[in-house]
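Read through the structure below, which is laid out as C-alpha cells, and then see the notes.
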Amino acid sequence: MRKYEIMFIVRPDMEEAEIAKTAENLKKVLEDQKANFVEEKNMGQRELAYEIKKFKTGYYYLFVVEATPEAVAEFDRVVRINENLLRHLIVKVED
C-alpha cells in the first residue's frame, strides 16, 4: 500500500448536512476499497484563490490514506462524476 494525500473542495451552496454526507460518501468509497485512514480533516469553509464555477468559497477536506493505486483510481473516477465537488487533488506521498 502507498500513502496518498487527497484534498477536495465541496460546493458552498448546499446544506451543512448535505456537505457532510458528500464527504462521508467519498470516505466510504475509499473504505470499500480497503484503504486505511491515517488522518481525516475537515478544514471548513475557506475562500478560493480564484473563482470556480462562479463560487468564491468552498468547504475543504483532507484525507491522508494508505491505499492501493486501484483504490485511488476508483476514488478519482467517482469524484469526477460527483457534481457537488469543485476540485480535487490526489498526491502520492514519498517516504
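Between the helical axis of 69-81 and the longest alpha-carbon principal axis of the chain there is an angle of about 20 degrees. Each other residue within a Cβ distance under 12 Å of Lys53 adds +1 if Lys or Arg and -1 if Asp or Glu, for a net charge of +1.
The alpha-carbon of Lys53 sits under 17 angstrom from the alpha-carbons of these aspartates and glutamates, leaving out residues fewer than 8 places away in its chain: Asp13, Glu83.
Annotation: amide H of Thr57 within the under-5 Å range of Leu48, sequence separation 5 or more or interchain, hydrogens built in the peptide plane.
Label point of Glu39 set 7 angstrom out along Cα-Cβ; within segment 53-95, amide nitrogens under 17 Å from it belong to 60-67, 89-95. Under 18 Å of direct C-alpha separation, and excluding same-chain neighbours fewer than eight residues apart, Lys3 reaches these lysines: Lys27, Lys28, Lys34, Lys41, Lys92. Taking other C-beta atoms within 10 angstrom as a stand-in for reagent exposure, Asp13, Asp95 fall in the order Asp95, Asp13, fewest first.
Placing one equal scatterer on every Cα of the chain and applying the Debye formula, the log10 ratio I(q)/I(0) at q = 0.15, 0.25 Å⁻¹ is -0.55, -1.36. Scalar couplings 3J(HN,Hα) for segment 51-67, obtained by applying the Karplus form with A = 6.51, B = -1.76, C = 1.60 to θ = phi - 60°, are 5, 10, 6, 6, 9, 9, 9, x, 9, 8, 10, 10, 10, 10, 10, 10, 8 Hz; x denotes Gly and Pro.
Seen from Lys28, the other residues with C-beta closer than 13 Å to its C-beta sum to a net charge of -2, counting Lys and Arg as +1 and Asp and Glu as -1.
By the helix-only formula, in which each DSSP H run with n ≥ 4 contributes -39500 (n - 2.57) and the sum is divided by residues, the chain has a 222 nm mean residue ellipticity of -10500 deg cm²/dmol.
Bear in mind that the values in this text are calculations on the coordinates, not laboratory data. Just so you know, these numbers come straight off a predicted model, no measurement behind them. Reconstructed Cβ throughout: ideal geometry from the backbone, glycine too, with neighbour counts over all protein chains shown.
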